[in-house]
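> Got a structure for you, written out below as structure tokens; questions coming shortly.
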Amino acid sequence: MLDFRNRNVLITGGTRGIGAACVKLFYQVNANVAFTFKTQKEIAKKISNECVGKGKSIYRQVDVSSEQEINYAVGHFIKELGTIDVLVNNAGIWEYGAADNMSLENWERTIKINLTSMFIFTKAVLPQMIKNNYGKIINVSSTAGQRGEAFHSHYAASKGGMISYTKSLAAEFGKYNINTNCVAPGWVNTDMCTEVFSDLSYKEKVRKDIPIRRIATAEDIAGPIVFLASDLARHINGEIVNVNGGSVLCG
Ligand code: NAD
């Protein structure tokens, strides 16, 4: 059942962290994978080359804060692959900002990259998913979207917005056999956390506070994403799958 042969998957932010782990895992289950990258063209090429012999692999540079670039890239991917069956809205940023001192520019950058890009990508793939009566949309939210996060209120708001958007789409498009779900990671050891985890005693405290006593790897998040994209999860729609080792029990 975990065979994505002839399925076309689009992943945003595919050269790093969770996005790169998704690209690799979807290849392992024989999907054709399209992914976007922001600046890392050489890494995109390397990842794509590593996957030769499995499904097709195409990639494109996209700044997800640009509606024009998103629409152009999705059009290109659909032209190349025929359809997009699975969309993983993964690209995002996590910036520091005290709520009483946050500029409108900072607020809007996070909302645009994390939340609005999801809307634009989703809108771009929906017509053909509706036409094909098939689609899986997986949005990478966060525990922050459910419990909030001090000094990251813009991030938490964007991730909470992803959750309510997910639930809305589940209700609106389920009738077209389109499943929309979220994966909500807790701490994941990726580039996003490099700076904060450079304080090793803090990193150790984070690890010890997680009941399962480990910090997630990117692969720990990619697995549930592939599961949600599979037909094993065909009756899961509008759910928030928390992947956090039991540290935030908000399901
Ligand atoms: P990461 O920083 O390695 O990856 C983020 C990806 O988003 C990168 O590929 C980056 O290029 C892309 N991106 C950012 N801004 C972009 C832009 N303007 N245009 C195009 N691409 C852009 O971190 P990650 O941990 O792999 O994060 C992936 C997702 O997981 C994010 O949405 C993040 O919010 C979420 N998440 C991460 C954690 C964590 O602890 N790392 C926890 C919860 C949720």
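The values are calculated or read from the model by the stated rules, or taken from the named source; none is laboratory data. Bear in mind that the values here come from a model prediction, so they are computed numbers and not experimental data. Note that we place each Cβ from the backbone using ideal geometry, even for glycine, and neighbour counts take in every protein chain shown. Side chains are part of the model used for accessible areas, which takes the heavy atoms of the whole protein and leaves out ligands, DNA and RNA. Shrake-Rupley method; radii C 1.70, N 1.55, O 1.52, S 1.80 Å.
> Which one is most open to solvent (accessible area, probe 1.4 Å), of the residues in the range 126-152 that are of a type in the set (A, V, I, L, M) and more than 11 Å from the ligand (Cβ to nearest atom)?
Among those that are of a type in the set (A, V, I, L, M) and more than 11 Å from the ligand (Cβ to nearest atom), it is ALA150.
> I've got another one for you. When the residues of the range 91-105 are narrowed to those that are closer than 22 Å to SER66 by Cβ, of a type outside the set (Asp, Glu) and in contact with a strand residue (DSSP E or B) (Cβ under 9 Å, 6 or more places away or on another chain), which ends up farthest from the ligand (Cβ to nearest atom)?
Here the answer is SER103.
> Of everything in the range 223-239, what is more than 15 Å from PHE26 (Cα to Cα) and open to solvent by less than 10 Å² (accessible area, probe 1.4 Å)? Give them in sequence order.
ALA233
> Residues in the range 32-81 that are open to solvent by less than 70 Å² (accessible area, probe 1.4 Å), more than 11 Å from the ligand (Cβ to nearest atom) and part of a loop (DSSP other than H, G, I, E, B): how many?
Total satisfying the criteria: 2.
> Now a separate question. Taking the range 94-118, which residues are surrounded by fewer than 18 Cβ atoms within 10 Å (Cβ to Cβ), among the aliphatic types (A, V, I, L, M) and assigned to a helix (DSSP H, G or I)?
Within the range 94-118, ALA99, LEU104, ILE111 qualify.
> Here are some residues: ASN189, ASN139. Which one is at pLDDT 95 or above and within 23 Å of LEU115 (Cβ to Cβ)?
Just one listed residue meets the conditions, ASN139.
> Here is a further query. Tell me, which residue of the range 21-31 that is open to solvent by less than 10 Å² (accessible area, probe 1.4 Å), free of Cβ contacts under 8 Å to residues at least 60 places away in the same chain and of a type outside the set (Gly, Ala, Ser) is nearest to the ligand (Cβ to nearest atom)?
Looking at the filtered set, the residue picked out is VAL23.
> Restricting to the range 178-204, what's the tally of residues that are assigned to a helix (DSSP H, G or I) and within 6 Å of the ligand (Cβ to nearest atom)?
So the answer is 3.
> Any residue in the range 4-20 that is open to solvent by 80 Å² or more (accessible area, probe 1.4 Å) and within 10 Å of the ligand (Cβ to nearest atom)?
Yes: one or more hits.
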